[in-house]
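The values are calculated or read from the model by the stated rules, or taken from the named source; none is laboratory data. Small disclaimer: the values here were computed from a predicted structure and weren't measured. Every residue, glycine among them, receives a Cβ derived from its backbone with ideal geometry; neighbour counts consider all protein chains shown. Calculation scope for accessible area: heavy atoms of the full protein, side chains included, ligands and nucleic acids excluded. Shrake-Rupley method; radii C 1.70, N 1.55, O 1.52, S 1.80 Å.
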Amino acid sequence: RPGLESVLGTEVRRADRYGAPLLLTVLEVDPPAGSGALRPELMHAFTRSLRARLRDLDYLAELSPGRIAILSPHTDRQGGRVVIRARAVLADLASEFPAVNGLGLRSNQVQYPGDAASFAELLTRLG
């Protein structure tokens, strides 16, 4: 997480300097009810596949098992397609990991500036 905070700080300063938006997306992958924890190999495949679908300037970090943050510089809420891409990745993984069909995917997006007014406020949204 220290790496994420460093990148987030850099991107907030860039957003301030250039007047460009920054989108922070937090994804939470939930296992099916009663199935226990997510399998590490499933989460590894998910993050690897999602990273391949992001832009080179986007930054992905695992916050905790099943919880991922993506920073998307120069992107506002309207332009953010991270959640759509994440759902597509889960659909693609269903043949390899049948348990994917029972997974839940929750998301929270915060745009800077706008939804959050400061670096500190963005950090609080990470939990």
May I ask you to list the residues in segment 71-84 that are over 20 Å from Arg13 (Cα atoms) and open to solvent by less than 10 Å² (accessible area, probe 1.4 Å)?
Val82
Could you go through segment 56-79 and let me know if any residue there is in contact with a helix residue (DSSP H, G or I) (Cβ under 9 Å, 6 or more places away or on another chain), more than 20 Å from Leu126 (Cα to Cα) and not polar (S, T, N, Q).
no
In segment 1-12, is there at least one residue being closer than 30 Å to Pro98 by Cα, within 16 Å of the chain's Cα centre (by Cα) and at pLDDT 90 or above?
no
Give me the pairs: first residue in segment 44-61 and under 18 Å from Thr75 (Cα atoms) and modelled with pLDDT under 95, second residue among the small types (Gly, Ala, Ser) and open to solvent by 20 Å² or more (accessible area, probe 1.4 Å), beta-carbon distance under 7 Å, and six or more apart or on different chains, which are they?
Ala61/Gly3
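Table: residues versus (1) of a type outside the set (Gly, Ala, Ser); (2) open to solvent by 70 Å² or more (accessible area, probe 1.4 Å); (3) outside any loop (DSSP other than H, G, I, E, B); (4) in contact with a Ser or Thr (Cβ under 6 Å, 6 or more places away or on another chain).
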residue	(1), (2), (3), (4)
Ala86	no, no, yes, no
Ser95	no, yes, no, no
Leu105	yes, no, yes, no
Ala116	no, no, no, no
Ala120	no, no, yes, no
Could you count how many residues in segment 44-70 are outside any helix (DSSP H, G or I), closer than 18 Å to Arg106 by Cβ and either open to solvent by 40 Å² or more (accessible area, probe 1.4 Å) or of a type in the set (A, V, I, L, M, F, W, C) (or both)?
10
